[in-house]
Amino acid sequence: WNNVGLATNYYLTDVGMYAKTDMGGGFQDNFDAKLTPTSGMGTGGDGNYMQRFWNEGYNIVKYANSVLSYVDKVEGLDEATQNAYKGRALFHQSYAYYNLALQFGDIPLVTKLPEVPKQNYTSTSKAAIFQMLQENLEFAIKWVPTKANTPYLGMITKEACLHLLTKVYLVNGEYAKAEQT
């Protein structure tokens with residue numbers, strides 16, 4: 001059951017699709033309508049778990065936005081510590097949007113916790129999202145400590161931020177920056 005998400009990603013490649021065009025059935029027929037976060041495939045009855053990618057991506061965004069919304073209100077944190085927490089939250093937010101935008105294209109961009117219920121979300125262009133990710137990760141690499149200066153295993157490090165920033169530079173077509181990173 002845990003590998004179904006990975007198998008769903010294969011539907012987006014030649015690995016998971018029939019090469020012959022006269023086969024019929026499966027995801028080839030009406031592909032764009034079948035492989036969406038709202039096509040009713042959240043149960044995986046059809047072997048498709050795109051709903052999981054959508055839901056978990058936005059859960060990550062929600063958690064990152066929680067840190068970003070409240071870190072400045074924590075008393076006793078110096079600027080470097082606050083910015084390290086912000087940088088780590090921006091990494092998580094960026095990682096989620098990196099995957100969401102590559103999987104779904106133009107998507108709603110939520111950068112703060114909603115204060116009231118909202119249902120009128122609009123999509124933001126993938127290009128604008130990736131520009132934001134670049135700016136966020138450039139901030140993160142200034143403040144998130146290196147692995148050598150990170151006291152706990154599993155915490156986001158500067159090296160992780162640099163790795164994701166390199167991938168964002170590539171998506172944005174900034175190849176020289178990617179090479180230098």
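We did not get these values from a lab; they are worked out from the coordinates using the rules stated. Nothing here was measured: the structure is a model prediction, and the numbers come from that model. We place every Cβ from the backbone using ideal geometry, glycine too, and count neighbours over all the protein chains shown.
Using 7 Å Cα-to-Cβ label points, what is the ALA127/ARG52 separation (nm, one decimal)?
In this crude spin-label approximation the distance works out to 3.4 nm.
Whole Å is fine, so just give me how far the alpha carbon centre of region 131-181 lies from that of region 98-123.
Each part's Cα centre sits 22 Å from the other's.
Note the full-extension length gain between ASN120 and ASP72 as 0.36 nm times their separation in residues minus their Cα-Cα distance, in nm to one decimal.
Values: separation 48, 0.36 × 48 = 17.28 nm, distance 2.83 nm.
Using 0.36 nm per residue and subtracting the Cα-Cα distance, I get 14.4 nm.
Calculate, in nm to one decimal, what ASN172 and ASP106 gain on full extension: separation in residues at 0.36 nm each, minus their alpha carbon distance. Walk me through the intermediate numbers first.
Numbers: separation 66, 0.36 × 66 = 23.76 nm, distance 1.48 nm.
Length difference between fully extended and current span is 22.3 nm.
What pairs from LYS62/LYS142; LYS62/LYS177; LYS112/LYS142 go past 25 Å between their alpha carbons? Could the numbers behind the result be given before it?
On the way: LYS62/LYS142 23 Å; LYS62/LYS177 30 Å; LYS112/LYS142 22 Å.
From the list (LYS62/LYS142; LYS62/LYS177; LYS112/LYS142), the Cα-Cα distance tops 25 Å for LYS62/LYS177.
ALA80 versus ASN99, label points 7 Å from Cα toward the beta carbon: distance in nm?
Going by the 7 Å Cα→Cβ label model, 3.2 nm.
Please list, in order along region 112-122, the HN-Hα scalar couplings obtained from phi with the Karplus expression 6.51 cos²θ - 1.76 cosθ + 1.60 (θ = phi - 60°), rounded to whole Hz, x for Gly and Pro.
Karplus-based 3J(HN,Hα) across region 112-122 equals 8, 5, x, 8, 9, x, 9, 10, 9, 5, 10 Hz.
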